[in-house]
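The values are calculated or read from the model by the stated rules, or taken from the named source; none is laboratory data. Quick caveat, the model's predicted, so the values are computed rather than measured. Neighbour counts are summed over all protein chains in view; Cβ atoms, including those assigned to glycine, are modelled from backbone coordinates with ideal geometry. The accessibility values were calculated without ligands, DNA or RNA, using every heavy atom of the protein model including side chains. Shrake-Rupley method; radii C 1.70, N 1.55, O 1.52, S 1.80 Å.
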Amino acid sequence: MDKIKKLAKILSESTRAVFFGGAGMSTESGIPDFRSANGIYNQRLNQKFRPEEIVTHTFFMNCPADFYEFYRTRIVYLDAKPNAGHIALAELERRNILSAVVTQNIDGLHQAAGSKTVYELHGSVRRSFCVKCGENYDIHYIVENKPIPYCAKCGGLVRPDVVLYEESLDEQVLKAAIKAISAADTLIVGGTSLVVYPAAGLVDYFNGEYLIIINKSETHADREAELIIRENIGETLSKAVELIGR
């Protein structure tokens, strides 16, 4: 059976499917993959710092101006739009096939596509807050207030609501993601090499019938998968939804 037809058949029989995605989900929207051969982590920003150093909690606190210069130019992509994969997942949720999206991405494109139940393991660039008083701001506040955004209410440092290196994942988000994956009848893993922990370990909580991998490269979960597809996520999911019908 054609792999996309098999994917469509599995999804048509699912009522609690969960999508677990990574950076590869958003590359089709023009957002670079941090860890690919041409990704951000393999690019030298300057001679002083490596990109992976810049996105640490320590660097943010010690060098906020340098952090924000990098953040605005290499992390935030305000013009990015949901691709066919994001739209397909939102449609699967609307049809009561997909129960949740668990994402390692911080771009907010799942919500922009219409998905309602989204667990953002690493936060979102769309949100920011004052570290002193907790006042909330949107992404435009950080983009427009250069070089360092300070709180209009108390003067404290405003930071993006994203999980930096050296920081822990939000416990409530993590628990909700684990609950969704544990209850899933089908788990689709897409656009992630499953090397970033603790997020990658969430796949181990899946006890359902069908594990599906949609990824260009191998993952440690391949040996457990019912179906492996090495094609673009957007095109794959979109075609599968079309085959399911309305």
Practice prompt. Report, as a whole number in µm² per second, the diffusion coefficient that Stokes-Einstein gives for region 54-140 at 37 °C and 0.692 mPa s using the Kirkwood radius over alpha carbon pairs.
Written response: 225 µm²/s
Practice prompt. Roll a 1.4 Å probe over the protein chains and send me the accessible area per residue for the chain in Å².
Written response: 49 Å²
Practice prompt. May I ask you to give the percent of accessible area on the chain that is carbon plus sulfur, with a probe radius of 1.4 Å?
Written response: 48 percent
Fill in: Cβ charges +1 (Lys, Arg) and -1 (Asp, Glu), total dipole of region 86-238, debye
520 debye
Worksheet item: When you count, for each residue, the other Cβ atoms within 10 Å and take the mean per peptide, how do 102-115, 211-224 rank with the highest first?
Response: 102-115, 211-224
Worksheet item: For the residue pair R95 and K175, what label-to-label distance in nm results when each label sits 7 Å from Cα along the Cα-to-beta-carbon direction?
Response: 3.4 nm
Response to the item:
Helix-only [θ] at 222 nm, the chain, -39500 (n - 2.57) per DSSP H run of 4+, per residue, nearest 500, equals -8000 deg cm²/dmol
Worksheet item: What share of the DSSP beta bridges in the chain is antiparallel, in percent to the nearest 5?
Response: 30 percent
Practice prompt. Treating cross-link reach as a plain straight distance, find the lysines whose alpha-carbon is under 17 Å from the alpha-carbon of K6, omitting any fewer than eight places away in the same chain.
Written response: K239
Item to complete: Compute the projected area of the convex hull of the Cα atoms of region 110-246, averaged over all viewing directions, and report it in nm² to one decimal place.
Response: 10.6 nm²
Worksheet item: Taking Cα pairs under 8 Å and at least six residues apart, what relative contact order does region 90-246 come out at, in percent?
Response: 15 percent
Practice prompt. Stick to Cα atoms and the Kirkwood definition of Rh, then tell me Rg/Rh for region 136-193.
Written response: 1.15
Discussion item. If I take all pairs of Cα atoms in region 107-160, what percentage of them are more than 12 Å from each other?
Written reply: 64 percent
Fill in: Acute angle (nearest 10 degrees) that the helix 171-183 long axis makes with the longest principal axis of the chain, alpha-carbon atoms
10 degrees
Response to the item:
Once the dipole of the chain is set up from charges on Cβ (+1 Lys and Arg, -1 Asp and Glu), the residue from the list F59, I244, S193 lying farthest towards its positive end is I244
Item to complete: For region 183-246, divide the Cα radius of gyration by the Kirkwood radius and give the resulting Rg/Rh value with two decimals.
Response: 0.98
Response to the item:
So for R0 = 45 Å, FRET eff. of R50-R223 from the Cβ-Cβ r, to 0.05, ends up at 0.85
Fill in: Across the chain: Cys residues that no other cysteine approaches within a C-beta distance under 4.7 Å
C63
Worksheet item: Just from the alpha-carbon atoms, what are the Rg and Dmax of the chain in angstroms?
Response: 18.6, 61
Worksheet item: Debye sum, Cα scatterers, region 97-190, no solvent: what log₁₀ I/I(0) at q = 0.20 1/Å?
Response: -0.99
Discussion item. What does DSSP give for region 122-226 in terms of the percent of beta bridges that are antiparallel, rounded to the nearest 5?
Written reply: 65 percent
